[in-house]
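Below you'll find the structure, written out as structure tokens, and then a few comments.
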Amino acid sequence: MTNVKFKIMSIVMAVLLISQGTYYYTSFNKKASELESYKTQLEQSQTKLELTQNHLDQKQIQLDIIQEDKAVLVNKIDELESIEYRIISTEKAESSRIQGYTLLEEHLIDVDQDSVDERVELYSDVEVTDDGVYCWDDGQRWLLLVRDEDQVYVLFDDYVQLGRLELLLYEFYESGEVNITTIQIMSAGLFIKDYALDTENAHFVERIVLDKRNIMNISDL
Ligand SMILES: [Ca+2]
């Protein structure tokens, strides 16, 4: 090989090496740039994911609250639907109604708030001796009346086996509304009923507050 040929070959080799070095350099820069871009996108995705997760958490909290509210409403509806009401209208007072009964309690109270007292009367057909001793049997009929002049509301008229009927009267401070509650205590049952007068419609509404039957009452009766 002549000296000239050797020089030419050297120049060609140098050009090839330089161009290949430039290629690798350019390729490396491109790879680093893409990597950086992907990393940035990943960080942005991570941020979006966290924001979305926070949003989901807040929605889940709202959903839990709504579900709790729904459960409360369902319970209230079930409770109201399970309440049994009975309408008690007035009837003409007949003395025969209380024949054979003994008056146990009597209360004068203005139930319908017309400034005239009604008479709340609790009777039982228990016999009383001349000495005033009550001869309680295994069971008696009990009668609870609200007497309004010549009309009566018969709130309770039933036989109570191995038990008694207790009467509670109470008045609401603000409205002055009077309610009557009976507690029927028996060896095999326990019943609480509440009576409120609907003055607009002139009838009582009986609501069963507690109804426990087929029980063995272990309290002292
Ligand atoms: Ca009255």
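Secondary-structure-derived ellipticity at 222 nm for the chain, considering helices only, amounts to -14000 deg cm²/dmol, per-run term -39500 (n - 2.57) for DSSP H runs with n ≥ 4.
Just checking the listed ones, Glu118, Glu127, Glu50: in the Gaussian network model of the chain with Cα springs under 10 Å, the one fluctuating most is Glu50.
Using the Cβ-Cβ distance between Ser187 and Asp78 with R0 = 25 Å, the FRET efficiency computed as 1/(1 + (r/R0)^6) comes to roughly 0.25.
Near Gly100: Cβ cut-off under 14 Å, other residues only, Lys/Arg at +1 and Asp/Glu at -1. The net charge is -3.
Using only the Cα atoms of region 1-82, each taken as one equal point scatterer with no solvent, compute I(q) by the Debye sum, divide by I(0), and report log10 of the ratio at q = 0.11, 0.14 Å⁻¹. So the normalised log intensities work out to -0.67, -0.77.
Rounded if a/c is under 1.5, else prolate if a/b is larger than b/c, else oblate: which is region 87-204, with a ≥ b ≥ c the root eigenvalues of its Cα gyration tensor? Walk me through the intermediate numbers first.
Details: a/c = 1.98, a/b = 1.54, b/c = 1.29.
Prolate.
Going from the residue with the fewest nearby Cβ atoms within 10 Å to the one with the most, Tyr25, Tyr123 rank Tyr25, Tyr123.
Hey, got a sec? Which GluC sites (Glu not before Pro) in region 133-216 land in a DSSP loop and have at most 12 other Cβ atoms within 10 Å? The partial results should precede the final answer.
Values: sites: Glu149, Glu166, Glu171, Glu174, Glu177, Glu200, Glu206; in loops: Glu149, Glu174, Glu177, Glu200.
Here the GluC sites (Glu not before Pro) that fit, given the DSSP loop and packing criteria, are Glu149, Glu174, Glu200.
Lys and Arg at +1, Asp and Glu at -1: add these up for the other residues within a Cβ distance under 9 Å of Arg119 and post the number.
Numbers: positive: Arg147; negative: Glu106, Asp117, Glu118, Glu121, Asp148.
Neighbour charge sum, excluding Arg119 itself: -4.
Would you work out the relative contact order for the chain, in percent, from Cα pairs under 8 angstrom that are 6 or more residues apart? Each step should come with its number before you reach the end.
Details: 310 pairs, mean separation 30.5, N = 221.
After rounding, I find 14 percent.
Label reach from Tyr134 (point 7 Å along Cα→C-beta): in region 169-187, amide nitrogens under 18 Å belong to 169, 181-187. Rounded to the nearest whole Hz, the Karplus-based 3J(HN,Hα) values (6.51 cos²θ - 1.76 cosθ + 1.60, θ = phi - 60°) of region 56-71 follow the sequence 4, 4, 5, 5, 5, 4, 4, 5, 4, 4, 4, 5, 5, 4, 5, 4, with x at glycine and proline. Taking amide H as placed 1.01 Å from N in the peptide plane, the amide H of Leu104 sits under 5 Å from that of Leu122, Tyr123, Ser124, each at least 5 places away or on another chain.
How much net charge surrounds Glu200 when only other residues with a Cβ under 15 Å from its Cβ are counted (Lys, Arg +1; Asp, Glu -1)? Result for the neighbourhood of Glu200: -4. Its Cα gyration tensor gives the chain an equivalent ellipsoid, and the semi-axes of that ellipsoid, as √(5λ) in whole Å with the largest first, are 99, 20, 11. The phi torsions of region 102-112, fed into the Karplus equation with coefficients 6.51, -1.76 and 1.60 and a -60° offset, translate into couplings of 10, 6, 9, 9, 8, 10, 9, 7, 7, 5, 9 Hz, rounded to whole numbers, with Gly and Pro shown as x.
The numbers here are math on the coordinates, done by the rules we state, and not lab data. Since this is a predicted model, take the numbers as computed values, not measurements. For neighbour counting, all protein chains shown are included, and Cβ atoms are generated from backbone atoms with ideal geometry for every residue, glycine included.
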